[in-house]
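Worksheet for the structure shown next.
The values are calculated or read from the model by the stated rules, or taken from the named source; none is laboratory data. Because the structure is predicted, anything quoted here is derived from the model rather than measured. Note: ideal-geometry Cβ built from the backbone for every residue, glycine included; neighbour counts use all protein chains shown. When the accessible area is computed, the model is the full protein with side chains, heavy atoms only, and any ligands, DNA or RNA have been set aside. Shrake-Rupley method; radii C 1.70, N 1.55, O 1.52, S 1.80 Å.
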Amino acid sequence: MTETKQTVSPIDPINWNRIQDDVDAEVWDRLTANFWLPEKVPLSNDVQSWSSLTEPEKLLTMRVFTGLTLLDTIQGTVGAVSLIPDALTPHEEAVYTNIAFMESVHAKSYSSIFSTLASTKEIDEAFRWSAENQNLQKKAQVIVEHYEGDNPHKRKIASVILESFLFYSGFYLPMHWSSRARLTNTADLIRLIIRDESVHGYYIGYKYQRGLDGADQALKDELKDFTYSMLFDLYENEVQYTHDLYDEVGLAEDAKKFLHYNANKALMNMGYEPMFPKDVTDVNPAILAALSPNADENHDFFSGSGSSYVIGKAEATEDDDWDF
Amino acid sequence: MLVVYYSSPSEFTHRFVQKLQHPSLRLPLVTKDPTPLVDEPFVLITPTFGAGINRGSVPKQVIKFLNVKDNRDRIVGVIGAGNTNFGEDYCRAAHIVAGKCGVPVLYRFELLGMPEDADNVNKGLDQLCLASA
């Protein structure tokens, strides 16, 4: 394994007026503009909704959130931090510090959800289940192994797989509740996390590709094979984890489509072609609508011909550089 | 049908356009560079940027290109590249451009696009060619 890229000297001061890679500045702006804290989300409005869930549904929800807490903890304290020494620009280092901090905000957010909705006993039991669930522990171990390993490319691959794929067995559930008008404030908070993780996955995937610029084809091929095989191993583990969680409420098959859909996105974030075909990525439209309110609109060239799209309140005021 | 597109250094949209069997024109990466002039009907493909400081959803290079009336008058429709994980912002730039120019959003795809997306867009562009012939 040869590493030819020049990393950043830790003793040079960062100069934001001299940017080597515009993507660093764009992503920094995006992440800081997205900044949020769980205290801003009125989670307590979900208390009544929580009490309407059945005991198995509550148990499932707690377990999902402790699993997500584990992933965010890893990403905040090990993952994003482990990427800093490999950075090619000082601004890339700064972006990782932002990512690390936000992951810790995410991890803390689940505790806000827990303390708002559940009793100490329920919380402790859910954490115990997560500590003992083999599939959850396996995914954590596989990822951490690469974070602590000596290959900077594999660290990024592991990181993108975590950010863009491994969270989604968990993210499925709040989207499901939201589509049934349950725990809607919790879902709002989760959507903020999803937005952040998507920028992280995009950025780390982008940096992964930049790290391979100029690398020889043999290394590129090796890493591509490694990526698909790591993703597939983790996918199989993820399927079992999904059954562990969702079988009792009968949602495992629906959740798995969401896994396939997001596994494809993880690959694409690294510049690779999707591996799951369309017939297993047909995510339930209700889940997709919970994720993105206009995602189910039909735009297939001719369905809406003649009628142009009318912009609602969503038009961003920053888009004001138009002459016409 | 000519495809005019902007793709950031991540190259996602560029990779998608390479799968199309239609002529294409990439807008310059650097906003200061002169914007091209087109003299035939075209479909625009644009990703959506995050609303950071000094940055709207529509890439500046796309705005600069459409601010030229002769270009704008030839736009037939818009295709959005995006990611549903961005919620309400999914393909926002395409919707904004479509609204501004009074043309439809013809199609949307995520990231590099699925193989079916490239097929669908190829077929759609074929039909647009026939319709305008």
Report summary line: Of the conditions (1) over 18 Å from the mean Cα position of the chain (by Cα); (2) modelled with pLDDT of 95 or more, the single one that A:Thr66 does not satisfy is (1)
Query raised in the report: Do we have any residue at all in region A:203-214 that's in contact with a Gly (Cβ under 8 Å, 6 or more places away or on another chain), surrounded by 23 or more Cβ atoms within 10 Å (Cβ to Cβ) and of a type outside the set (Ser, Thr, Tyr)?
Result: yes
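Please enumerate the residues belonging to region A:19-56 that are outside any loop (DSSP other than H, G, I, E, B), within 14 Å of another protein chain (Cβ to nearest Cβ) and open to solvent by less than 20 Å² (accessible area, probe 1.4 Å).
Within region A:19-56, the subset outside any loop (DSSP other than H, G, I, E, B) is A:22-33, A:38-40, A:43-51, A:55-56.
Retained after the next criterion (residues that are within 14 Å of another protein chain (Cβ to nearest Cβ)): A:22-33.
Within region A:19-56, A:Val23, A:Asp24, A:Val27, A:Leu31 qualify.
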Report summary line: The residue that is nearest to the other protein chains (Cβ to nearest Cβ), considering only those in region B:1-15 that are within 24 Å of B:Ser132 (Cα to Cα) and hydrophobic (A, V, I, L, M, F, W, C), is B:Met1
Query raised in the report: Are any residues in region A:150-186 of a type in the set (Gly, Ala, Ser) and more than 17 Å from A:Asp72 (Cα to Cα), and if so, which ones?
Result: A:Ser178, A:Ser179, A:Ala181
Query raised in the report: Can you pull out the residues in region A:1-18 that are open to solvent by less than 60 Å² (accessible area, probe 1.4 Å) and among the hydrophobic types (A, V, I, L, M, F, W, C)?
Result: A:Val8
Report summary line: The correct count of residues that are of a type in the set (D, E, K, R), within 30 Å of A:Pro174 (Cβ to Cβ) and within 8 Å of chain A (Cβ to nearest Cβ) in region B:99-126 is 3
Query - Which listed residue, of B:Cys91, B:Cys129, is more than 7 Å from every other protein chain (Cβ to nearest Cβ) and in contact (Cβ under 8 Å) with a residue 60 or more places away in the chain - result: B:Cys129
Query raised in the report: Which ones in region B:61-80 are open to solvent by less than 10 Å² (accessible area, probe 1.4 Å) and in contact with a helix residue (DSSP H, G or I) (Cβ under 6 Å, 6 or more places away or on another chain)?
Result: B:Phe65, B:Leu66, B:Asn71, B:Val78, B:Gly80
Report summary line: Residues of region A:32-52 being among the aliphatic types (A, V, I, L, M) and at pLDDT below 95, in sequence order, are A:Ala33
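Working only within region B:16-51, note down all residues that are among the polar types (S, T, N, Q), within 13 Å of the chain's Cα centre (by Cα) and within 13 Å of chain A (Cβ to nearest Cβ).
B:Thr46, B:Thr48
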Report task. Report the residue count in region A:147-168 for those that are of a type outside the set (Val, Ile, Thr) and within 27 Å of A:Lys257 (Cα to Cα). Result -> 12
Report summary line: Among B:Val30, B:Val4, the single one that is farther than 23 Å from B:Gly87 by Cα, of a type in the set (Val, Ile, Thr), open to solvent by 60 Å² or more (accessible area, probe 1.4 Å) and touching a helix residue (DSSP H, G or I) at 6+ places or on another chain (Cβ under 9 Å) is B:Val30
Query raised in the report: For A:Asp282, all conditions in the list (1) open to solvent by less than 70 Å² (accessible area, probe 1.4 Å); (2) in a loop (DSSP other than H, G, I, E, B); (3) at pLDDT 85 or above hold save one; what is the number of the exception?
Result: (1)
Query raised in the report: Residues of region A:185-198 being farther than 15 Å from A:Asn262 by Cβ and open to solvent by 10 Å² or more (accessible area, probe 1.4 Å), which ones?
Result: A:Asn185, A:Asp188, A:Leu192
Report task. Report, by residue number, each residue of region A:205-251 that is in contact with a Phe, Trp or Tyr (Cβ under 9 Å, 6 or more places away or on another chain) and outside any helix (DSSP H, G or I). Result -> A:Leu251
Query - Sole residue being free of Cβ contacts under 8 Å to residues at least 12 places away in the same chain, within 8 Å of chain A (Cβ to nearest Cβ), farther than 23 Å from A:Pro274 by Cα and out of contact with any His (no Cβ under 7 Å at 6 or more places or on another chain), chosen from B:Ile63, B:Ile96 - result: B:Ile63
